[in-house]
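> Take this structure first; my questions come after.
What follows is calculated from the coordinates using simple rules that are stated; it is not laboratory data. Model, not experiment: these values are computed from the prediction. Cβ coordinates were reconstructed from backbone atoms using ideal geometry, including for glycine residues, and neighbour counts include every protein chain displayed.
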Ligand code: FDA
């Protein structure tokens with residue numbers, strides 16, 4: 001049985017930052033992971049360039065049953081603190097739309113930076129290690145049994161992430177550990193994920209696969225404006241990934257395919273100016289032809305503008321500006337970037353990330369019920385929560 005000060009389960013984004021910080025305090029840190037290498041999701045992130053943070057990070061960019069929970073960590077280790085790390089390591093990066101920051105070269109730059117800081121902080125790692133059980137030995141120590149032996153420590157940090165992309169090692173271990181210590185877990189579900197369509201809608205839109213248009217998509221009170229991508233299974237693109245975090249099964253979305261365009265007025269104006277023009281020819285000045293074909297019934301699309309009533313114009317405008325679509329579901333954890341739900345933040349101290357009823361037990365990163373928008377927010381949460389836990393574990 002080996003004893004150390006801190007055991008961290010999970011060598012991902014949050015676990016690595018926590019390990020660095022705890023190691024810098026002189027704590028003996030052991031990181032356990034069942035994968036062969038650390039930071040697999042960091043390497044996948046941002047299409048390989050890692051959208052590592054955002055210039056504007058606020059609590060309102062996160063969804064949680066406890067919307068205030070993330071505030072403290074985000075304000076103590078900010079996007080500027082992470083940017084300073086990159087500057088120290090001379091890692092080049094650039095800004096894209098909406099303040100998103102990406103590496104110029106590769107996500108590997110970030111992972112190598114974190115690995116180098118772990119070495120400096122004398123962090124120990126054990127990879128390809130299967131966790132068999134986690135117990136509280138007495139009031140002081142946690143005991144972790146693995147296929148490579150037993151380890152005890154006074155602090156245990158759970159940094160096992162969410163369930164998305166099982167192929168790179170995602171498991172529900174963190175949720176199970178929480179439940180075994182009587183900590184509530186909100187049901188996990190895929191987030192930042194494409195939608196599938198109901199069979200009829202899927203058939204109607206089959207010809208649009210690959211097409212991308214600017215759109216506003218609303219779900220209840222929440223809406224986003226970005227690109228919408230039609231896929232052979234359903235709907236994707238940034239606007240869909242963003243809204244997916246706010247969507248619950250059974251809910252409908254409302255899609256405006258012509259944001260900022262007063263289509264009804266334009267139809268009426270075209271009718272008075274060009275009554276012989278076909279409806280579809282007027283609409284294809286605004287939208288791709290295939291999209292018009294799929295959304296507007298043929299007999300209406302073929303009609304000359306002069307022969308169409310204003311009531312019918314209202315129907316056309318509604319079908320393009322208030323298209324109500326009820327997703328069949330999501331593409332699931334296979335493609336989801338994050339997991340919604342997770343360990344109940346009410347059971348965790350927002351100042352330390354320690355379980356309020358279980359001294360020495362910490363939860364950080366995506367395993368918690370904190371889900372960021374698309375745009376670098378999830379990694380910033382991993383860095384911030386990992387940093388905070390690293391000050392106390
Ligand atoms: P993370 O998933 O990073 O690490 C968890 C670790 O725990 C892993 O190393 C895993 O092997 C280990 N583990 C799990 N179960 C275990 C078990 N049973 N035993 C031992 N070890 C176990 N975010 C963002 O802000 N910008 C972006 O560009 C992207 N892009 C992106 C692309 C793709 C394809 C995905 C899937 C995700 C993103 N994300 C993202 C999300 C981001 O990657 C994610 O939120 C963070 O990596 C979460 O960090 P954690 O440390 O919580 O978990």
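> Springs between alpha-carbon pairs under 10 angstrom, Gaussian network model over the chain: which of 261, 123, 185 fluctuates most?
Highest fluctuation among the options: 261.
> Further question: Any chance you could run the full-extension gain for residue 286 through residue 119? It's 0.36 nm times the residue separation minus the Cα-Cα distance, nm to one decimal.
Fully extending the segment from residue 286 to residue 119 adds 54.5 nm.
> Which of rounded, prolate or oblate describes region 15-95 when judged by the alpha-carbon gyration tensor and an a/c cut-off of 1.5?
Rounded.
> Could you work out the Rg to Rh ratio of region 298-367, with Rh taken as the Kirkwood radius (inverse of the mean 1/r over all Cα pairs)?
Value, to two decimals: 1.46.
> Please arrange 231, 371 by counting, for each residue, the other beta carbons lying within 10 Å of its beta carbon, fewest first.
Ordered from fewest to most neighbouring Cβ atoms within 10 Å, 231, 371 come out as 231, 371.
> State the Cα centre-to-centre distance between region 211-230 and region 1-45 in whole Å.
Distance between centres, Cα-based: 38 Å.
> Something else about it: Considering only DSSP beta bridges with both partners in the chain, what is the antiparallel share in %, to the nearest 5?
70 percent
> 222 nm [θ] for the chain, helices only, -39500 (n - 2.57) per DSSP H run of 4+, per residue, to 500?
It comes out at -9000 deg cm²/dmol, rounded to the nearest 500.
> Sorted by packing (mean other beta-carbon atoms within 10 Å per residue), highest first, where do 20-27, 42-49, 91-98 land?
Order by mean packing, descending: 20-27, 42-49, 91-98.
> What ratio of Cα Rg to 2.2 N^0.38 Å holds for region 226-307?
In units of the globular-protein estimate, region 226-307 measures up at 1.33.
> Given a Förster distance of 25 Å, report the FRET efficiency between residue 44 and residue 104 from their Cβ-Cβ distance, rounded to the nearest 0.05.
Using R0 = 25 Å, I get an efficiency of 0.90.
> In Å, what Kirkwood hydrodynamic radius results for region 139-200 from the alpha-carbon pair distances?
Final number for the Kirkwood radius of region 139-200 is 14.6 Å.
> Please arrange 118, 18, 223 by counting, for each residue, the other beta carbons lying within 10 Å of its beta carbon, fewest first.
Exposure proxy ranking, most exposed first: 223, 118, 18.
> What is the mean projected area of the alpha carbon convex hull for the chain, to one decimal in square nanometres?
Averaging across all directions leaves 20.4 nm² for the Cα convex hull.
> For the ranges 102-110, 164-172, what's the packing order if you count other beta-carbon atoms within 10 Å of each residue, average per peptide, and put the highest first?
The packing order, highest mean first, is 102-110, 164-172.
> Next up: How far, in nm, would the chain grow between residue 184 and residue 326 when pulled straight, counting 0.36 nm per residue and subtracting the alpha carbon separation?
48.0 nm
> Rank these for me by crowding, 339, 78, going from fewest to most other beta carbons within 10 Å.
Least to most surrounded, the residues fall as 78, 339.
> If I stretch the segment between residue 137 and residue 201 completely, what's the gain in nm (0.36 nm per residue apart, minus their alpha carbon distance), one decimal?
Result: 17.4 nm gained on full extension.
> Let me ask another. Pop a pseudo-label 7 angstrom from the Cα along the beta-carbon direction at both residue 176 and residue 68 and give the gap in nm to one decimal.
3.5 nm
> Report, to one decimal in Å, the Kirkwood hydrodynamic radius for region 343-393 based on all distinct Cα pairs.
Computed over region 343-393, the radius equals 11.0 Å.
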